[in-house]
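Each reported figure results from applying straightforward, stated rules to the coordinates on display, with no laboratory input. Predicted, not measured: the structure shown is a model, and the values here were computed from it. Cβ sites come from the backbone with ideal geometry, for glycine too, and all protein chains shown count toward neighbours.
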Amino acid sequence: MTSIALWVFFKLINTLMHKLFSLLLCLHFFGIINAQVDTTSVLFQTLKKKDSLIFHEGFNKCNLNPLEDLLTSDLEFYHDKGGFQDKALFMKAMRENICSSPERKPIRKLSPNTLEVFPLYNNGVLYGALQKGKHEFYLKETDKALYQTGAALFSILWIKEDDIWKAKRIYSYHHSAK
C-alpha cells in the first residue's frame with residue numbers, strides 16, 4: 001500500500017511540475033514575464049542615453065532646461081532620505097541644492113555594469129520600461145580632488161509620451177555613506 005501511495009505522490013508531483021513549466025513558458029511567450037533587455041538593444045541604449053541626460057547633463061552639469069524636458073508633467077520623485085517631490089519641487093531642489101554652489105558641487109556617476117532595463121508591454125505594444133542600477137556620488141570642491149561621498153540604488157519608470165521617452169517615477173534608495 002505504501003508503494004502505491006508513493007507512486008501516486010510522485011506521479012502528482014510530475015504532473016504539477018509539467019503544468020508549472022508550461023504556465024511559465026506561456027507567460028514568457030506572451031510577454032507577461034519580461035526579462036532584462038540585452039545591453040546592445042535599441043531600448044537599452046536609448047534609456048542609457050536618457051539616464052546620462054538626466055544625471056550627467058542635469059545633475060552634474062546643471063543643464064536644467066533639457067532635464068526638465070525629460071520629465072513628465074506629473075513626475076514623482078521618491079528619495080529614502082529626502083522624501084517625496086513632485087516635478088516643481090524636484091526642479092527647485094536641483095537649482096537650490098545640487099546646482100547652487102560651483103565651489104562645492106555634487107557629482108553622480110553610474111556604477112559600471114549595473115544598469116538594467118525591463119520593457120513594459122500592453123497587448124504587445126511597448127509603452128514603458130523600468131530602468132534600474134547603482135550610482136555613486138562624489139563631491140567636487142575647489143582646489144581638491146574629486147572624492148566619493150556615497151552610493152545608492154535607483155529605479156526610473158520611463159513612459160513613452162507621443163513616442164518620446166520621459167521619466168514618470170524616479171526612486172533613489174538604499175543610500176550609504178562612503
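Near residue 36: Cβ cut-off under 13 Å, other residues only, Lys/Arg at +1 and Asp/Glu at -1. The net charge is 0.
Spacing of the modelled spin labels on residue 72 and residue 114, each 7 Å from Cα toward Cβ, amounts to 2.5 nm. A straight Cα-to-Cα reach below 16 Å connects residue 178 with the lysines 81, 109, 134, 140, residues fewer than 8 places away in its own chain not being considered. A cut-off of 5 Å between modelled amide H atoms, ignoring neighbours fewer than 5 places along the same chain, links residue 150 with 137, 178. In terms of other Cβ atoms within 10 Å, 118, 90 run from fewest to most in the order 118, 90.
Here the extension length gained between residue 144 and residue 127 equals 1.7 nm, from 0.36 nm per residue of separation less the Cα-Cα distance. Each of the peptides 128-135, 144-151, 58-65 was scored by the mean count of other Cβ atoms within 10 Å over its residues; in descending order, highest first, they stand as 128-135, 58-65, 144-151. Once you reduce segment 60-97 and segment 102-116 to the center of their Cα atoms, the two points are 16 Å from each other.
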